[in-house]
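Engineer: The structure's right below; bear with me while I get my questions together.
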Amino acid sequence: MSKAMRDMPAWGISLVINLSILAAFNYIVLESQKDLDSTTITSVVDDKLQEEELRFNETAMDQVGTDGTGVSMSPSLQVATAVADKAESREQEFDEVFNPELRDFASESIDHTSEDLAQEFENKGTSDKVEGGVEGALDRAAYEIRNSLRSRKTMVIWLFDASGSLDERREAVANRFDNIYKQVGETGDTDSLYTVIASFGEKANLHTPEPLQDSAKLSEIVRKEIKKDESGKEMVFSAAKMTLEKFQNWHRSKGPWNKLVFIITDEKGDDADQYLESVITLGKRTNTRFFTIGNAAIFGQLKGYVEYTFEDGYVDYLPVDQGPESAFPDAVQLPFIGSGQDWKLKQMSSSYGPYALTRLCAETGGMYLITQETRGYNFDRAIMRRYAPDYRPVRVIKQEIAKNGAKRALVNVAEMTYRSSSPIPELTFRGYNDNILRTDITEAQKPVAEIDYELKRLYDGLSTGTKDRDALREPRWQAAFDLAMGRILAMRVRYFGYNTMLANMRVTPKPFADEKSNMWRLVPSDEILTGPEMRKAAASAKEYLKRVIDDHPGTPWAMLATRELEMDLGWSWEEYSEAIPGSNGMLRANQEEVARLLLADEERREVARQKAAKPRARPKL
């Protein structure tokens with residue numbers, strides 16, 4: 001040791017040694033980075049696929065997913081807790097890669113950084129709106145098949161909904177098969193690719209008893225062998241289970257296989273309760289990833305509507321099961337009182353797929369690909385990512401709901417509104433004479449007492465959860481609870497005021513200010529004349545609804561709250577004139593003539609009712 005070193009303090013010697021070690025590590029990192037920079041896309045994807053293989057390991061399965069007891073998060077829980085800005089970055093990446101208008105990715109390499117791959121894994125399993133509809137989703141399918149072939153032999157299972165509403169979509173897929181497999185062949189080893197085609201309706205049908213390698217036969221099989229199912233049933237999960245069980249050990253002696261299942265449908269499936277969890281478990285054990293090419297779920301609704309063309313060319317929209325997007329009901333079903341009923345509010349997009357199919361995709365590392373939005377209002381997906389439904393198993397969500405009084409009360413009340421519907425009250429009344437006015441008012445009041453009773457039940461039920469409202473942390477639950485409370489309170493105020501106004505008019509009919517007037521109508525008013533209790537309830541309703549608008553802008557909850565506040569909560573009478581039916585424009589008439597005209601009018605209405613009772617026969621979709 002030199003004299004300089006001997007004279008140096010101990011801390012100085014330690015500093016020199018540590019700096020030397022750091023310099024060596026820095027050299028190693030720089031050399032590793034050079035190697036990483038020169039790595040091809042194939043090696044990056046291979047690393048990712050090895051990571052996915054670990055996720056499918058049966059030992060890991062015991063810790064995550066449906067049957068896990070550990071603290072690790074399953075893919076579906078990762079989806080439910082994903083950070084919004086990372087998801088937005090992922091969507092931009094998909095737009096660049098999978099939108100054929102932006103890039104021909106079949107002939108162009110894609111450079112993924114390690115950060116991109118981390119985001120891809122973290123956000124796997126959510127719903128994603130696909131640009132280009134079905135064609136865009138099929139381009140995405142080609143991409144997934146190519147990547148799968150880079151790691152091992154692959155079996156692709158196409159599972160088709162056989163219902164009549166899917167005729168057009170099945171044909172679109174059949175038309176694109178050649179293009180899909182051409183894209184795969186340009187960068188993938190098609191000798192290691194096998195294809196299976198199955199369909200489902202009331203039962204599952206396997207159209208390829210042995211997997212095929214000749215892609216030229218696929219289109220013909222879809223067009224000729226899939227027979228339209230008219231049962232109205234969608235047994236998609238039992239079909240998936242049957243198909244996976246059939247081929248889970250196929251050619252096992254030749255090594256491990258990847259399996260990709262692409263479900264083509266526009267509904268949610270009728271057998272999730274029986275088979276969802278077993279299909280998830282089977283999918284994980286067999287290295288199977290599920291993708292669904294389907295429709296967006298209707299926000300908070302069970303039924304959506306699809307366009308259907310009858311044999312005579314008549315076009316109508318028929319109901320199909322497309323929702324809801326959540327495992328438990330969290331959207332209270334209430335009508336809007338007054339004019340301007342907006343059917344689009346009942347057909348809004350949830351921005352996600354139906355719960356069961358989306359969960360299946362989430363748990364197996366796939367994705368629900370939305371190819372068709374609803375006919376109602378749609379919302380910015382970047383905003384809606386904060387409001388993702390909970391995709392954990394039903395039993396886990398149920399336990400979570402039971403722990404919070406606000407969640408428990410909301411689910412119970414929402415379920416009550418699914419079982420019954422509130423009629424929209426009549427707002428116009430004939431004032432031809434006092435007797436006719438009293439008759440109309442009496443008929444209008446008949447359902448009001450029952451409605452008011454139901455609204456009180458809803459309010460009392462939801463009120464039990466107010467003490468736990470502030471404990472809600474998820475934006476989705478916050479918005480849903482506040483909207484439900486605001487709307488129920490608003491409806492109570494309106495119906496109570498409505499009944500009071502009718503009762504007063506029936507006891508003491510108001511005289512017309514204009515002698516030409518012969519009709520009365522109730523119009524919204526900002527003045528509440530039904531006492532301090534209702535005024536207090538009105539103020540509370542507005543507070544809840546304004547909080548929804550302020551805290552959750554750009555969402556379905558905010559849109560519904562805005563619509564509710566557009567109409568004042570009080571009532572006032574407004575008179576106007578209307579020609580009496582059959583009176584040749586005469587505005588008023590004597591008692592005898594009024595009776596005759598009303599009888600003729602009722603006869604015409606009865607004829608119209610009889611015609612309406614014979615609707616066009618609707619097929620089961």
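The values are calculated or read from the model by the stated rules, or taken from the named source; none is laboratory data. The structure presented is a predicted model; accordingly, all values stated were derived computationally and were not measured. Neighbour counts are summed over all protein chains in view; Cβ atoms, including those assigned to glycine, are modelled from backbone coordinates with ideal geometry. Quick note on the areas: whole protein, heavy atoms, side chains included, nothing else; ligands and nucleic acids left out. Shrake-Rupley method; radii C 1.70, N 1.55, O 1.52, S 1.80 Å.
Engineer: Pulled fully out, how much extra length does the chain show between E578 and K182, if you take 0.36 nm times their separation in residues and subtract their Cα-Cα distance?
Structural biologist: Working it through step by step, the gained length comes to 135.8 nm.
Engineer: For the range 167-288, what mean projected area does the convex hull of the alpha carbons give, in nm²?
Structural biologist: 7.9 nm²
Engineer: Continuing with the same structure: Over the alpha carbons of the range 172-222, what is the largest minus smallest coordinate on each principal axis, giving the biggest first in Å?
Structural biologist: Taking the Cα atoms of the range 172-222, the three principal extents are 38, 24, 14 Å.
Engineer: State, to one decimal in nm², a quarter of the convex hull surface area for the C-alpha atoms of the range 377-485, i.e. the direction-averaged projected area. Don't skip to the answer; put the middle values down first.
Structural biologist: On the way: hull surface 39.5 nm².
Over all viewing directions, the range 377-485 projects a mean Cα-hull area of 9.9 nm².
Engineer: Okay, next question. Residues with beta-carbon under 14 Å from that of A141, excluding A141: net charge, scoring Lys, Arg +1 and Asp, Glu -1?
Structural biologist: Value of the local net charge: +2.
Engineer: Sticking with this one: Based on the mean of other Cβ atoms within 10 Å per residue, sort peptides 262-270, 568-576 so the most packed one is first.
Structural biologist: 262-270, 568-576
Engineer: Taking the Cβ of T466 as the centre, find all other residues whose Cβ is under 14 Å away and add up their charges (Lys, Arg: +1; Asp, Glu: -1).
Structural biologist: 0
Engineer: List the residues, sorted by chain then number, that are 5 or more residues from G353 or on another chain and whose placed amide H is less than 5 Å from its amide H.
Structural biologist: S127, A297
Engineer: For the range 369-377, take each phi angle, set θ = phi - 60°, evaluate the Karplus expression 6.51 cos²θ - 1.76 cosθ + 1.60, and give the result in whole Hz per residue in order, putting x for glycine and proline.
Structural biologist: Coupling constants for the range 369-377: 9, 7, 9, 9, 7, 6, 7, x, 6 Hz.
Engineer: In 5 Å bins starting at zero, report the fraction of Cα pairs in the range 311-414 per bin as a rounded %.
Structural biologist: Bins of 5 Å from zero give 2, 10, 16, 20, 19, 16, 9, 4, 2, 1, 0, 0 percent of pairs.
Engineer: I've got another one for you. Quick one: which residues, 5+ away or cross-chain, put their amide H under 5 Å from the amide H of M519? H built at 1.01 Å from N.
Structural biologist: Those qualifying (amide H under 5 Å, at least 5 residues apart or on another chain) are G431, Y576, E578.
Engineer: Ranking request for peptides 541-550, 250-259: highest mean number of other beta-carbon atoms within 10 Å first, then the rest in descending order. Walk me through the numbers on the way to the answer.
Structural biologist: Numbers: 541-550: 19.0, 250-259: 14.0.
Highest to lowest by the protection proxy: 541-550, 250-259.
Engineer: Sorted from largest down, give the three principal axis spans of the alpha carbons of the range 366-405, whole angstrom values.
Structural biologist: Its Cα atoms span 35, 25, 19 Å along the three principal axes.
Engineer: Suppose the chain between T466 and T562 were pulled fully straight at 0.36 nm per residue; how much longer would it get relative to their current alpha carbon spacing?
Structural biologist: 32.4 nm
Engineer: Compare the Cα positions of T562, S577, M519 along the charge dipole of the range 512-577 (+1 at Cβ of Lys, Arg; -1 at Cβ of Asp, Glu; about the Cα centre) and return the one farthest towards the positive end.
Structural biologist: Selected residue: T562.
Engineer: Cβ under 13 Å from K456's Cβ, K456 left aside: what net charge do those residues give with Lys, Arg +1 and Asp, Glu -1?
Structural biologist: Around K456, the charge tally is -3.
Engineer: Given a 1.4 Å probe, how much area per residue of the range 150-306 is accessible, in Å²? Intermediate values should be presented prior to the final figure.
Structural biologist: Numbers: 6190 Å² over 157 residues.
Dividing the accessible area of the range 150-306 by its residue count gives 39 Å².
Engineer: I've got another one for you. Of the heavy-atom accessible surface of the range 196-320 (probe 1.4 angstrom), what whole percent is carbon and sulfur?
Structural biologist: Within the range 196-320, the accessible surface is 45 percent carbon and sulfur.
Engineer: Convert each backbone phi in the range 247-255 into a coupling constant with the Karplus relation 6.51 cos²θ - 1.76 cosθ + 1.60 (shift: θ = phi - 60°), then list the ³J(HN,Hα) values in order as whole Hz, x for Gly and Pro.
Structural biologist: For the range 247-255, the Karplus-derived couplings read 10, 5, 10, 5, 6, 5, 5, 8, x Hz, x marking Gly and Pro.
Engineer: Moving on. Sorted by packing (mean other beta-carbon atoms within 10 Å per residue), highest first, where do 430-437, 370-377, 287-294 land?
Structural biologist: The peptides rank, most packed first, as 287-294, 370-377, 430-437.
Engineer: State, to one decimal in nm², a quarter of the convex hull surface area for the C-alpha atoms of the range 449-491, i.e. the direction-averaged projected area.
Structural biologist: Value for the range 449-491: 2.9 nm².
Engineer: Still on this structure: Accessible area of the range 509-553 with a 1.4 Å probe: how many percent of it is carbon plus sulfur?
Structural biologist: The computed percentage sits at 49.
Engineer: Could you run the Karplus curve 6.51 cos²θ - 1.76 cosθ + 1.60 with θ = phi - 60° over the range 414-424 and give me ³J(HN,Hα) per residue in whole Hz, x for Gly and Pro?
Structural biologist: 4, 5, 4, 6, 6, 7, 9, 10, 8, x, 7
Engineer: With no solvent and one equal point scatterer placed on each C-alpha of the range 437-567, evaluate the Debye formula and give log10 I(q)/I(0) for q = 0.15, 0.18, 0.21 Å⁻¹, two decimals.
Structural biologist: -0.80, -1.02, -1.24
Engineer: If you don't mind, another one. Going by accessible area, probe 1.4 Å, with all protein chains left in place, what is the ranking of E443, E454, largest first?
Structural biologist: The most accessible residue leads, giving E443, E454.
Engineer: Next question, about the same structure. Using just the alpha carbons, could you tell me how many Å³ per residue the convex hull of the range 327-380 encloses?
Structural biologist: It is 94 Å³ per residue.
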